[in-house]
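Chemist: Just passing along the structure, written as structure tokens.
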Amino acid sequence: MHSQQITWNLHAGWNPAIEQPEKVALVFYFGTRDALACGTRYHELRKMFPKAHILGCSTGGQINNSDVSDEDVVAAAIRFDSTRLRLVSRQISGASASWDCGEAIGRELSDDELAGVFLLSDGLNVNGSDLVNGLVSAIGSTVPLTGGLAGDGADFNETLVGGDCAPQPRLVVGVGFYGKAIRIGHGSAGGWDLFGPRRQVTRSAGNILFELDGEPALDLYERYLGPEDSKGLPGSALLFPIQVHDAEQPDSAVVRTVLAVDRDRRSMTFAGDVPQGWTAQLMRGNFDRLAEGAADAARQARAGLRSAKDDHQFSILVSCIGRRLLMGQHVSDETEAAGFELGDETLRLGFYSYGEISPHAKSGICELHNQTMTVTSFAEVGG
Amino acid sequence: MHRLIVKQIAKATDAAGVVDIDALAELVSNAYDEFDRDRRRTDRSMSLMIEEVDVVSRNLEGLVAKRSAELQAQNLRFDIAINNMTQGLLLFDSTSRLIVCNQSYLAMYGLSPEIVKPGIALRDIIAHRKETGAFNGDVDEYCAALSRGLREGKTCHFQTETPDGRTIQIVNKPVASGGWVATHEDITERRRTEAQIRHLAHYDALTDLPNRALFHERLKEELGRIAPNQQLAVLYIDVDEFKSVNDTLGHQAGDELLQSVAASLSSQAGPNEFIARLGGDEFAIMQTAIGNQAEIIGLVTRVFEAIRTPFECFGHHVTTDASVGIAVAPKHGTDLDQILKNADLAMYAAKSAGRRTWRFFEPAMDARVKARRMLEMDIRQALLDGTFEVYYQPCVSLEDNKITGCEALVRWRHPDRGMISPADFIPVAEETGLINELGEWVLNTACKDAMTWPGDFKLAVNVSPVQFKSGTLALKIAAALAASRLPPRRLELEITEAVLIRDDDAALAVLHQLRALGVRIALDDFGTGYSSLSYLQRFPFDKIKIDRCFVNDLATQGGSSIVQAVVNIAAARDMMTLAEGVETSEQRESLRALGCSEMQGFLFSRPVPAADILRMLQSGPKKAA
């Protein structure tokens, strides 16, 4: 396996040139919605890599090794020695179709040799939990599934995903990795601190939260955000993620991030389910501990990769937009921390997302995460 | 340098190494803004969180206070409940330490609440009880036995006596948590009541002597273990005259008499003598380990001494006597029922022998009783079959030798045994009460017969003392008169002295009732009983019948003086006199000379059936030869 990074900016276009572009089998690329919306970047890549599967999405910031940028489009071109790939894309009509969409993609990717799936999804018109569960139902829980939901900065207006096509809204793309040579490691961690009293989800429907402890959920958030940050809803709600768990199964705790708010109904829509009766607790971030969370995710991925140290490695980092909003210029602390764990020689590409997909660090069951850094590392052995 | 400023400088430096100061300043300024924002957010969230935590804390405090109050109220209720139990209650944990103990427990054994309190070990409680005298066993043994039982999951029962004589029942029951609950109940009263009930079942309430049930129980035991060469005697004692004391002085006096007899008997009883009251005026003594008959006679003597001791009752000096029957085992049987029956028969024999004496059982007694019982059955049957007959014996005027009337006499021709003497069956009829029915039948039959007679011959009918006591005699006489239309003045009722011996006033009242009906009343068999002249003063009889024994004596030296006296007394009170059993003309002449009014006897006519007397009366005035 071999991977090489290229970037695009307004002044210089794509750089540097790629060796043996015709052998490139897979290209990941990430950019702002503005940079990708016209489809030009995709077509340029298609021209450069005629035989490759090309998938990418809009983001809340691009990760290029340890740098985080809003201007550049970042891409990685990957060659495999023996690993087969299959790319499947599906339009999604809305959040309620998420499970079916996931299941359909999973069925198409399913194969005896399927070793892992990387998924990019529209970040707004989807119930990420259902999408993941639908896909897992088809491929089984033993095949690692990682990926993320596309972002749109802090705007939450429209997200784009492309899979062998120009990026577009309401698309979900999965790429399957096949064969015995491919090694995939994954890790996921948050590093957020729980704070404040435990609250009960007293009214909710699917991923829409109405009330916590009998009080409208949006009232609580606005109180914590203050007048200034409240104007920035729903993006600013990312400053206070919420951890939910079944009161009888504390280990099942997952972090949820806000996708939208309804000021009239005083409700909030999250990227995953917030079941009624579960326990919820607000979280807040501390720069150092968020960076330590990213390092933890990287350690998990490296440990799970099970490949020789000198094998060529490539990692995709998907981190939550909420982390970036909170950390501001300090955001590179976490990409640096992850990079330190993965090693400078490992090519690291990634984006800030509206949701991260990765097996749960404790349960091993693939889930949609929010407010985490997830790291997926690839290597190929025996080639 | 801070790594952020390093990054910022790097970002503001172009490819040629020139730093764009404006760009750097903007980055630095933005960083400050970010820090400020983050600080404000942190401050805000911290203070909000503190507020929220404070609210939660207050809510929790409120909840804890409410729960505490509830718990306190519940504890109070619990305390009231357990401290108002009559039982002592303790709850121990699995390490044998006290969790809860109520007041009743402390009070029951007089224990100190300072010592017996939660946390104390079972052993220390028992040791404390030992100190206070509320436990008299071995402390360690007791604790070990209890632990052993509880370990096996058993409910352990103990009973203990306190130094002040109370009985406490203790139940130790394992509970699911591994400890046990102990209840202590003062069962002194319950045991006393049980003992009392047992006593009542075996002892007579009036005299506190063993009752019939206990006597039988003990007798059965003793009969089962009579030693060789030894005997056992059963004495049945019937207190004579008890009924008359009861009737004349009242039940209270009767009760006192029985208590006195019981006390006297008890005081005379030796170690081998077991006394019981069988009921009514019947007592029994079982004498065991008898070597010879003299010992029995000795006991009988003591019994009579005891019973014959006079006693004072409501101002009356009462003397009593007894009829005693004795059966001896094994001679008279070794079976309970048999020995009891034989003692009863012997007592009956003593009574028959005129009371105030004693009899050993003899096999013949049994036969007599059987014969008597047979006779009773035959009387009943004869009443049903109508096989009794009324015979009549004429009474003759000594003045003109004319028949003045007839005495009705009952006769019984038994289908198997032929004629049976009234002397045999009348006592049985009186004893069994059958005399009421028989007397009524004789009265009705005689009244009807008398109505067939010519003229106005008188009819004399005997009335038994038993009939006299029935309380309905006057009614029955009136009914018989009404049914037969016999004029009352033709009917003469003959009563004996026995009627007047007891219940003088009641008897006199009946006599006056009869007199009011218009019937005549004769005193029968005068001279055979007490012959108290006071009777003659108390009631104006119409006639005195002089017993045949005086008639027989007329020929002897001075034999006429009694008859003369009676005739004189009667004449003084306008009473007629009739001499019975006149068999010779010499007797008739003597009586006539003495001034006697009438006579009756074989000299004129023996009793004859109704048809014969009718013919005799119809044949006109017949004069005695």
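Coordinate-derived values only; no laboratory data. Remember, predicted model here, so these are calculated numbers, not experimental data. Virtual Cβ from ideal backbone geometry, glycine too; neighbours counted across all protein chains shown.
Chemist: So how tilted is helix B:212-223 from the main axis of chain B? Cα-based, degrees 0 to 90, rounded to 10.
Modeler: Its long axis makes an angle of about 90 degrees.
Chemist: Now for a separate question. To make sure I understand the rule: partners must be aspartates and glutamates, Cα under 15 Å from the Cα of residue B:545, and not fewer than 8 residues away in the same chain. Which ones qualify?
Modeler: Output for residue B:545: B:407, B:492, B:494, B:497, B:524, B:525, B:574, B:580, B:598.
Chemist: Let me ask something additional. Counting Lys and Arg as +1 and Asp and Glu as -1, what is the net charge of the other residues whose Cβ lies under 12 Å from the Cβ of residue B:376?
Modeler: 0
Chemist: With the Cα gyration tensor of segment A:1-116 giving a ≥ b ≥ c as the square roots of its eigenvalues, does the rule (a/c under 1.5 for rounded; else a/b larger than b/c for prolate; else oblate) give rounded, prolate or oblate?
Modeler: The shape class here is oblate.
Chemist: Sticking with this structure for a sec: Compute the length gained on full extension between residue B:555 and residue B:130: take 0.36 nm times their separation in residues and subtract their Cα-Cα distance, giving the result in nm to one decimal.
Modeler: That works out to 143.1 nm of additional length.
Chemist: Quick one: which residues, 5 or more positions from residue B:576 or on another chain, have an amide H under 5 Å from its amide H? H modelled 1.01 Å from N in the peptide plane, none for Pro or chain starts.
Modeler: HN-HN under 5 Å from residue B:576: B:543, B:544.
Chemist: Between rounded, prolate and oblate, where does segment B:547-625 land on the alpha carbon gyration tensor, with a ≥ b ≥ c its root eigenvalues, rounded for a/c under 1.5, else prolate if a/b exceeds b/c?
Modeler: Here segment B:547-625 falls in the prolate category.
Chemist: By DSSP, what percent of the beta bridges with both residues in chain B are antiparallel, rounded to the nearest 5?
Modeler: The antiparallel proportion sits near 75 percent.
Chemist: Then there's this: Sticking with the crude label model, points 7 Å out along Cα→Cβ, report the distance from residue B:437 to residue A:96 in nm, one decimal please.
Modeler: 10.7
Chemist: Sticking with this one: Evaluate the charge dipole of the protein assembly as shown about its Cα centre and quote only its size in Debye, nearest 20, assuming +1 on the Cβ of each Lys and Arg and -1 on the Cβ of each Asp and Glu.
Modeler: 3000
Chemist: Output the relative contact order of chain B, whole-number percent, from Cα pairs under 8 angstrom with separation of 6+ residues.
Modeler: 7
Chemist: In addition: Taking 1 over the mean of 1/r across every pair of different Cα atoms in segment B:88-190, what Kirkwood radius in Å do you get?
Modeler: That comes to 13.6 Å for segment B:88-190.
Chemist: Something else about it: Along the Cα→Cβ direction, 7 angstrom out, place labels at residue B:49 and residue B:159. What is the inter-label distance in nm?
Modeler: If labels sit at residue B:49 and residue B:159, their model points lie 7.1 nm apart.
Chemist: Let me ask something else. Within chain A, what's the longest stretch lacking GluC sites (Glu not before Pro) that sit in DSSP loops with no more than 16 other Cβ atoms inside 10 Å?
Modeler: That gives A:114-247 as the longest site-free run.
Chemist: Ignoring everything except DSSP H segments at least 4 long, calculate the 222 nm mean residue ellipticity for chain B; use -39,500 (n - 2.57) per segment, divide by total residues, nearest 500.
Modeler: Computed mean residue ellipticity for chain B: -16500 deg cm²/dmol.
Chemist: Within 10 Å, count the other beta carbons around each residue, average over each peptide in A:275-284, B:10-19, B:159-168, and list them highest first.
Modeler: Answer by packing, highest mean first, reads A:275-284, B:159-168, B:10-19.
Chemist: Now for a different question. Can you say what percent of the DSSP beta bridges in chain A, counting only those with both residues inside, are antiparallel? Round to 5.
Modeler: DSSP beta bridges in chain A are roughly 80 percent antiparallel.
Chemist: While we're here: Taking amide H positions as placed 1.01 Å from N in the peptide plane, with prolines and chain starts having none, which residues 5 or more places from residue B:203, or on another chain, fall under 5 Å of its amide H?
Modeler: So residue B:203 has HN proximity to B:211.
Chemist: I'm checking a number: the convex hull volume of the Cα atoms of chain A, normalised per residue, in Å³. What is it?
Modeler: 122
Chemist: So, one more: For an R0 of 41 angstrom, estimate the FRET efficiency from the Cβ-Cβ distance between residue B:312 and residue B:472 and round to the nearest 0.05.
Modeler: So, using R0 = 41 Å, E works out to roughly 0.65.
Chemist: Per DSSP helix of 4 or more residues, -39500 (n - 2.57); summed, then divided by the residues of chain A. What does that give at 222 nm, rounded to the nearest 500?
Modeler: Taking each H run of at least 4 residues, the total per residue is -7000 deg cm²/dmol.
Chemist: Consider all pairwise Cα distances in segment B:184-235 and report the whole-number % of them above 14 Å.
Modeler: Result for the distance tail: 66 percent.
Chemist: Follow-up. Restricting the count to DSSP beta bridges whose residues both fall in segment A:53-173, what percent are antiparallel, rounded to a multiple of 5?
Modeler: 65
Chemist: Expressed as a rounded percentage, what relative contact order does chain A have, with Cα pairs under 8 Å and six or more residues apart?
Modeler: Contact order relative to length: 21 percent.
Chemist: With θ set to phi - 60°, apply the Karplus curve 6.51 cos²θ - 1.76 cosθ + 1.60 along segment B:287-302 and write out the HN-Hα couplings as whole Hz, x wherever there is a Gly or Pro.
Modeler: 10, 10, 6, 8, x, 8, 5, 4, 5, 5, 4, x, 5, 4, 4, 5
Chemist: Given the convex hull of the Cα atoms of segment B:483-608, what is a quarter of its surface area in nm²?
Modeler: The orientation-averaged projected area of the Cα hull of segment B:483-608 comes to 8.6 nm².
Chemist: While we're looking at this one, here's another question. Rounded to the nearest whole Å³, what is the per residue volume of the convex hull around the Cα atoms of segment A:175-274?
Modeler: 153
Chemist: From the Cα gyration tensor of segment A:70-125, with a ≥ b ≥ c the square roots of its eigenvalues, which class applies: rounded if a/c is under 1.5, or else prolate if a/b is larger than b/c, or else oblate?
Modeler: oblate
Chemist: Also: Got a sec? How would A:240, B:457 order by Cβ neighbour count within 10 Å, fewest to most?
Modeler: Lowest to highest Cβ neighbour count: B:457, A:240.
Chemist: Next up: For the protein assembly as shown, state the average projected area of the convex hull of the C-alpha atoms over all orientations, rounded to one decimal in nm².
Modeler: Reported value for the Cα convex hull: 82.4 nm².
Chemist: Next question, about the same structure. Let me see the pair-distance distribution of chain B: every alpha carbon pair, 20 Å bin width, integer percents in order.
Modeler: 13, 25, 21, 13, 11, 6, 4, 4, 2, 1
Chemist: In a shell of Cβ-Cβ distance under 14 Å around residue B:98, excluding residue B:98 itself, what net charge do Lys and Arg (+1) and Asp and Glu (-1) give?
Modeler: +1
Chemist: If you don't mind, there's one more thing I want to ask. Given Cα positions, please report Rg to Rh for segment B:171-312, the hydrodynamic radius being the Kirkwood one.
Modeler: Dividing the radius of gyration by the Kirkwood radius yields 1.22.
Chemist: Hey, got the average number of other protein chain Cβ atoms within 10 angstrom for residues in A:232-239?
Modeler: Counting Cβ atoms of other protein chains within 10 Å of each residue's Cβ and averaging gives 1.
Chemist: Tell me which residues come under 5 Å, amide H to amide H, from residue A:53 once H is placed; ignore anything under 5 positions away on its chain.
Modeler: Counting only residues 5 or more places away or on other chains, the set is A:26, A:27.
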